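Derivation of every value follows stated rules applied to the coordinates shown; laboratory data play no part. Just so it is clear, the structure is predicted and the values come from calculations on it, not from any experiment. Here the Cβ positions follow ideal geometry from the backbone for every residue, glycine too, while neighbour counts run over all protein chains shown.
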Amino acid sequence: MDHNTIVHDIVIVGAGLAGSWAATVAAREGVRNVAVLSKVHPLRSHSGAAQGGIAAALNNVRPVPGSGPEGPLEQLPEGADPVDSVELHIFDTIKGSDWLGDQDAIEIMCREAVDVLYEYEHMGCVFSRTPDGRIAQRRFGGHSAPRANYAADWTGHVLLHTIYEQALRHGVKFHSEWYCLDLIVEDNVCRGVVAMDILTGKVYTLRAKAVMFATGGYGRAYKITSNALANTGDGVAIAYNAGIPLMDMEFVQFHPTGLYKHGILMSEACRGEGGYLLNKNLERFMQRYAPGKMELAPRDLVSRSEQREIDEGRGIGEDGQGIWLDLRHLGREKILERLPQVREIAINFVGVDPIEDLVPIQPTAHYSMGCIPTDVNGQVLADANGAPVVGFYAAGEVACVSVHGANRLGTNSLLDASVFGRRAGHAMAQFVQSGAVLPPVAGDPAERNRRRLCSLLDNPGSELVEDIAVDLKTTMTNNCGIFRHAEGLKQALADIQALKARFKRARVMDKSSRFNTDLLAALELEHMLTFSEVIAATALARDESRGAHYRTDFPQRDDSRWLVHTVAHKNGEDGPRLSFKPVTINWEKYPPQERKY
Amino acid sequence: MSNNGAYPIVTVRIQRFNPDTDKKPYLQEFQVELKPGTTVLDALHEIKAHQDGSVTFRRSCRHAICGSCAMNVNGKNELVCKAPLKERLDRKGRVTIRPLPYLPIVKDLVVDRSSFWEQYQRVKPWLVPPENIPEKEFRMSPEEVAALRNAETCIMCGACYSSCQIIALTKEYIGPHALLKAFMRVMDPRDAIPGERLADLAGGDGVYRCRTIFNCIDACPKGLNPTEAIETLRKLAQKRQAFEAARAERQKRLSEPIPSP
């Protein structure tokens, strides 16, 4: 073993909820050498930006009897009939997924939700409370009972800090500000990763018995996004390039309330607490699209409704691309207590105080339902038949279990990352402790990656990375957005090919080895070009409309042909080769129905 | 850079330093357009993307929750993602951006926060729960939760730490960020070791090092008050045994509903 190689029992890439949960569980189950590497400090992970809540049917509150769907909530009196159940959570999630979620996985997530919530609480997570001291809950879109467990509107922040503290407590080793460059898989066995210490620019091979990706999503491929600048889908592209397939990539969630022109998340809790959406005529337009649920319809439906209002000329703002979010009637006290962060964001970035004024918002790219296919234990699958990639795990937004199917419900992502991060940690501990050996690595993968970095740095190039990135975001937004059609998707594919050619001439301005974020931006762009092609190709293939994937040329759901997951395999320099995987459905309990709200 | 005259041009002065090649830090001037709503972070991005890719800084969420982008702007520590460029310009239309002071510089605006994180870890930021864990949640009153609000929203950006005059003198001091975290654990009715924590915090590197200069309050981009938390910890440390006894008493009822007022 040379000085370019580091050995751990388990290496986890990404330190958000999924990664930190897995690390904590593996370490406390006795695995000695657990390491997490993250391109940002763990507490900078994007899980911390989640706001509104985490789902679990705790039955701590209920609507005041007789008050209607928008009426006030109260703590559930002792001995009163519960209003929520795990079964209801399961059904809401299945319906939210437009029947594309795997029902065995959804069942596991909703059942374990209750336990995960209490575990967070016992670890010291600071939740908001009911008067009698239970975890507070609010309404959320697509959920038929108030089951969003929250800490004001910084729920992700408190969960992230809590689980990171636990990982430290259990002696997890963190490689903070290390950037993963490559995944080493040979003969369907994962052998480690190659990563760069950003501080020094040195490249290492990290060998491990088990490797996990918890690298999050890719919202940065779009112009308007709620996602952090770090969310460039690195893990998605690295896995794909290493021969791992990607599942259901056509399903991209647009959140209905991103801050106008910024895309910054204005929590769904705004509507959960009773906020309205208004068009330029100050009309609650959701009446036309989802009269039963109004603003609390699922995100795909609300974002489409907003986009229709905008496209039909009823948008607001200088370019007509905005919608009003009205919180004024909630009153000062409620906004200060429950939505303080949202208020601060509105004041800081658009100069509007939601207590006094309407807030301009617009749909914003938010969440990837698809990505790396796994089983319910985080085990990554090599193909549509479910063959495992030995020693390789994934959880969180980068994984596709699939619990969200074609559309995720709000508050189910923090839950997904927690439940399946925890399960993956347990599965890796069992794998390592049941005699897994350190698999050998052929050749010198670190050196291969060093050469790749050198060629990028040495490229005299005429193209600025930023200019290519802007053009990618533009075509993804225009052609792979809320409304899609064959012509636009073909245009996107052509554009991406042209952008890939331009990337060959990309120039990295910073030539130094120390903390070279200019080099990282080039690598991130290359990753975005890689998976964006898969999004466009799978969206073109799926000629139906389901959940967040809406084809104006095929506006109906087509269960006879498309009740399947799309599995995209890398196919040399050609576009992806597609295969299809059946959806796990309990035909007796949850057969597909028409999805109406 | 291009300018069609639509927006005024302003000057951004950035402190540059690469320890591998530079003898000492120096200021470099860049020009950017002042578009409506431009933040200091937007200006840094524009410079990095189109003028000089080697300008180096940390950033991620761009809405003041991840804590990456604390820097020193015109002599004051803040998160550049929520700093409006227009409001930071002097009369000559200039803004000056330096790394957080009193910390080793990694490169340009990136500092080495090692001592910051060591102190964070030193105060055992995790909760130590009592032995009897209930089947459901521990019960906490809304008032007990509200008492933690001053600490729970801390994003660990380091703005307070690097504005602290005691930290400027010695990295042995625990620092306002870690003391705020310790305050959060001490005040949490679920924590079983407040006495042990207070004993440690009352030691030589802890709460008595604070000279109540209040820089941390001015620097905090989340409007938190570490000084007040430190004052509270001092008071509690003086009556540590009574506080421990009260906590033990409280923990007997942690599984019971909070009585209505």
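Seen against the Cα atoms of chain A and their longest principal axis, helix A:299-309 is set at about 70 degrees. Here segment B:120-157 is scanned for amide nitrogen atoms under 20 Å from the site 7 Å beyond the Cα of B:ARG253 along Cα-to-Cβ, giving B:130-148.
If a cysteine in chain B has no other Cys Cβ under 4.7 Å from its own Cβ, put it on the list, ordered by number. B:CYS69, B:CYS81, B:CYS154, B:CYS157, B:CYS164, B:CYS210, B:CYS220 - these cysteines have no disulfide-compatible partner (Cβ-Cβ under 4.7 Å) in chain B.
Taken about its Cα centre, segment B:114-251 carries a charge dipole of roughly 220 debye when the Cβ of each Lys and Arg holds +1 and the Cβ of each Asp and Glu holds -1. Annotation: extensible slack from A:LYS202 through A:ASN459 equals 90.6 nm (criterion: 0.36 nm per residue apart, minus Cα-Cα distance). Here the extension length gained between A:ILE347 and A:SER560 equals 71.8 nm, from 0.36 nm per residue of separation less the Cα-Cα distance.
If you take the square roots of the eigenvalues of the alpha-carbon gyration tensor of segment A:94-206 and sort them as a ≥ b ≥ c, do you get rounded (a/c under 1.5), prolate (a/b over b/c) or oblate?
It is oblate, given that a/c is not under 1.5 and a/b is not larger than b/c.
Going from the residue with the fewest nearby Cβ atoms within 10 Å to the one with the most, A:SER45, B:SER163 rank B:SER163, A:SER45.
If R0 equals 45 Å, the separation of the Cβ atoms of B:ALA199 and A:ARG507 corresponds to a calculated FRET efficiency of about 0.20. Positive end of the dipole of segment B:114-251 (Cβ unit charges, origin at the Cα centre): among B:CYS216, B:MET156, B:ALA192, the Cα lying farthest that way belongs to B:CYS216.
Counting neighbouring Cβ atoms within 10 Å and putting the fewest first, the residues A:ILE535, A:ILE90 line up as A:ILE90, A:ILE535.
If R₀ is 51 angstrom, what is the calculated FRET efficiency for the pair A:ASP311 and A:ARG111, using the beta carbon separation as r and rounding to 0.05? Write down the numbers at each step before the final one.
Details: r = 41 Å, r/R0 = 0.80.
The pair A:ASP311/A:ARG111 has a calculated efficiency of 0.80.
When both bridge partners sit in segment B:9-110, DSSP labels roughly 80% of those beta bridges antiparallel.
Charges at C-beta only: +1 for Lys and Arg, -1 for Asp and Glu. How large is the resulting dipole of the protein assembly as shown about its Cα centre, in Debye rounded to 20? Numbers along the way, then the final one.
Numbers: 103 positive and 105 negative charges, 399 e Å.
Dipole size: approximately 1920 debye.
How far is the Cα center of segment B:155-231 from the Cα center of segment A:196-231, in Å? If you average the Cα positions of each part, the centres end up 32 Å apart. Each residue of segment B:5-20 was assigned a 3J(HN,Hα) from its phi angle through the Karplus curve 6.51 cos²θ - 1.76 cosθ + 1.60 (θ = phi - 60°); the sequence is x, 6, 10, x, 9, 10, 9, 10, 9, 10, 6, 9, 5, 10, x, 6 Hz, with glycine and proline shown as x. Straight-line reach from A:LYS293: taking Cα to Cα under 17 Å and skipping same-chain neighbours fewer than 8 places apart, the lysines in range are A:LYS95, A:LYS596.
Amide H neighbours of A:ALA399 under 5 Å, counting only residues 5+ apart in sequence or on other chains, H built in-plane at 1.01 Å? Excluding prolines and chain starts, which carry no amide H, the hits are A:ILE372. Amide H contacts of A:TYR393 (H built 1.01 Å from N, in plane; Pro and chain starts excluded): A:VAL211, A:MET212, A:PHE213, A:VAL380 sit under 5 Å, all sequence-distant by 5 or more or on other chains. Sequence-distant contacts, meaning Cα pairs under 8 Å at least 6 residues apart, place the relative contact order of segment B:114-251 at 30 percent. Between segment A:266-326 and segment B:21-95, the alpha-carbon centres lie 35 Å apart.
For chain A, the residue among A:MET249, A:VAL189, A:TRP178 whose Cα projects farthest onto the positive side of the dipole built from Cβ charges is A:TRP178.
Antiparallel versus total DSSP beta bridges in chain A: what percent is that, nearest 5?
Numbers: 50 of 76 bridges.
Taking every DSSP beta bridge with both residues in chain A, the antiparallel ones total about 65 percent.
Based on C-alpha pairs under 8 angstrom that are at least 6 apart in sequence, segment B:9-110 has a relative contact order of 34 percent.
Over chain A, the pair-distance histogram of Cα-Cα distances with 10 Å bins from zero comes to 4, 18, 29, 28, 16, 5, 1, 0 percent, rounded to whole numbers. Overall, segment B:9-110 carries a charge dipole of about 220 debye about its Cα centre when +1 sits on the Cβ of Lys and Arg and -1 on the Cβ of Asp and Glu, all other atoms neutral. Calculated over segment B:9-110, the projected area of the Cα convex hull averaged across directions stands at 6.3 nm². Helix A:412-433 axis versus longest C-alpha principal axis of chain A: approximately 40°, rounded to the nearest ten. Between A:VAL189 and B:ARG91, the C-beta separation translates, for a Förster distance of 45 Å, into a calculated FRET efficiency of about 0.10. In the protein assembly as shown, taking the dipole from charged Cβ atoms about the Cα centre, the farthest positive-side position among B:ASN77, A:ALA506, A:PHE420 is held by B:ASN77.
Just add up the charged neighbours of A:ALA429: K/R +1, D/E -1, any other residue whose Cβ is under 15 Å from the Cβ of A:ALA429. Walk me through the intermediate numbers first.
Values: positive: A:ARG28, A:ARG32, A:LYS209, A:ARG422, A:ARG423; negative: A:ASP9, A:GLU29.
The answer is +3.
Shape verdict for segment A:546-589, please, from the Cα gyration tensor: rounded (a/c under 1.5), prolate (a/b greater than b/c) or oblate.
Working: a/c = 3.23, a/b = 1.41, b/c = 2.29.
Because a/c hits 1.5 or more and a/b fails to exceed b/c, segment A:546-589 counts as oblate.
Segment A:LEU282..A:HIS329, full-extension length gain: 15.5 nm, with 0.36 nm per residue of separation and the alpha-carbon distance subtracted.
Could you work out the relative contact order of chain A, using alpha carbon pairs under 8 angstrom and six or more residues apart, expressed as a whole percent? Value for chain A: 20 percent. Local charge for A:SER128 was computed over the other residues whose Cβ lies under 11 Å away, with Lys and Arg +1 and Asp and Glu -1, and equals +2.
As a quick test, which of the pairs B:LYS48/B:LYS124; A:LYS280/B:LYS76; A:LYS500/B:LYS48; A:LYS202/B:LYS92; A:LYS39/A:LYS209 have an alpha carbon distance above 31 angstrom in this structure?
B:LYS48/B:LYS124; A:LYS280/B:LYS76; A:LYS202/B:LYS92
Amide H to amide H, with H built 1.01 Å from N, A:ILE264 comes under 5 Å of A:LEU259, counting only residues 5 or more places away or on other chains.
Other residues whose C-beta falls under 10 angstrom from the C-beta of A:ARG595 contribute a net charge of +1, scoring Lys and Arg +1 and Asp and Glu -1. Rounded to the nearest 10 degrees, what's the angle between the helix A:465-479 long axis and the longest principal axis of chain A, both from Cα atoms, 0 to 90? Rounded to the nearest ten degrees, it is 40.
To one decimal place, what orientation-averaged projected area in nm² is obtained for the convex hull of the Cα set of segment A:285-432? Intermediate results must be reported in sequence, preceding the final value.
Numbers: hull surface 48.6 nm².
Mean orientational projected area (segment A:285-432, Cα hull): 12.2 nm².
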